[in-house]
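*Asks:* Mind looking over this structure? Questions follow.
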Amino acid sequence: MADQSSGSTPVDKEDNWGYDLYPERRGEAAQAKWWQVALFGAGQVKTEKISCERNVYNCFQNSPLVKLMYSALKASGCEIDLRRHIACEVCDVKVSGGYDPRLNQIVICQNVARSKGMVQGILTHEMIHMFDACRHELSFKDLNHLACTEIRAANLTHCSFMSAMTQGDASFFRIQKQHAECVKNKALGSVLAVRPDVTKEEALAVIDKVFLKCYNDLEPIGRRIRRNSADMIRAYQERTNYGYE
């Protein structure tokens, strides 16, 4: 995402990829459609924001993964201030969160992410993007960089070996293959969501190009989290191995 300036200096079109999904980033007040109110209970903006902010605070207090990412960012010289770097906003229902590199700010979509578990997943995913931007001078304009950070975020936070096991052949090699396919699919969806100028074929080519290197980069979590396991707690306990307090 990017920030659409309201001053006299124009913002390049390429800086605004994905901005249509986050109307408040454009300074607009999002209006819920009648079917969103009927089906999803949308429209209670103040109540949604309060609930979202409570869930964010709870995650920073209690989630091992969020606390680990906070420690890693702090150790990297990019400490998070909840009031400055996290924003609960109304978004397009196609997305649940995002990272705004222009403002170095994570967006939690309060009208979509309604549970603590969902907020935890979004925070961890977007904090990986923030970490990459802090440590590795990530450029979201560079398609290779974008593909890599989306691969890392999907690899570390979304695709589990347990979910792969339930989708077919439970052999170890098949599980590994399905996990990698899940990561590629998640990364593809994320790239296409914020880069409408890129075709599916172009995105897949870039993802394949950088996949091996980025898939094997497990910093700062240090492991692929398995569902229904103690991996989150172990990762947090092992943070000092990476120099994170």
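The values are calculated or read from the model by the stated rules, or taken from the named source; none is laboratory data. If you're wondering where the values come from, they're calculated on a predicted model, not measured in any experiment. With ideal geometry, Cβ positions are generated from the backbone for all residues, glycine too; neighbour counts draw on all protein chains shown. Side chains are part of the model used for accessible areas, which takes the heavy atoms of the whole protein and leaves out ligands, DNA and RNA. Shrake-Rupley method; radii C 1.70, N 1.55, O 1.52, S 1.80 Å.
*Asks:* Which residues, taken from region 53-94, are part of a loop (DSSP other than H, G, I, E, B), at negative phi, touching a helix residue (DSSP H, G or I) at 6+ places or on another chain (Cβ under 8 Å) and of a type outside the set (S, T, N, Q)?
*Replies:* Result: Cys78, Glu79, Ile80, Val90, Cys91, Asp92, Val93, Lys94.
*Asks:* For region 194-237: of the residues being open to solvent by 70 Å² or more (accessible area, probe 1.4 Å) and in a loop (DSSP other than H, G, I, E, B), which is farthest from Arg135 (Cα to Cα)?
*Replies:* Asn228
*Asks:* Can we say Ser71 is among the hydroxyl-bearing types (Ser, Thr, Tyr), under 26 Å from His158 (Cβ atoms), open to solvent by less than 60 Å² (accessible area, probe 1.4 Å) and modelled with pLDDT under 95?
*Replies:* So Ser71 fails the test.
*Asks:* If you take the residues of region 40-79 that are free of Cβ contacts under 8 Å to residues at least 40 places away in the same chain and of a type in the set (Val, Ile, Thr), which of them is nearest to Gln120 (Cα to Cα)?
*Replies:* Looking at the filtered set, the residue picked out is Ile50.
*Asks:* Just need a number here: residues in region 95-142 that are outside any helix (DSSP H, G or I) and of a type in the set (Asp, Glu).
*Replies:* Here the count works out to 3.
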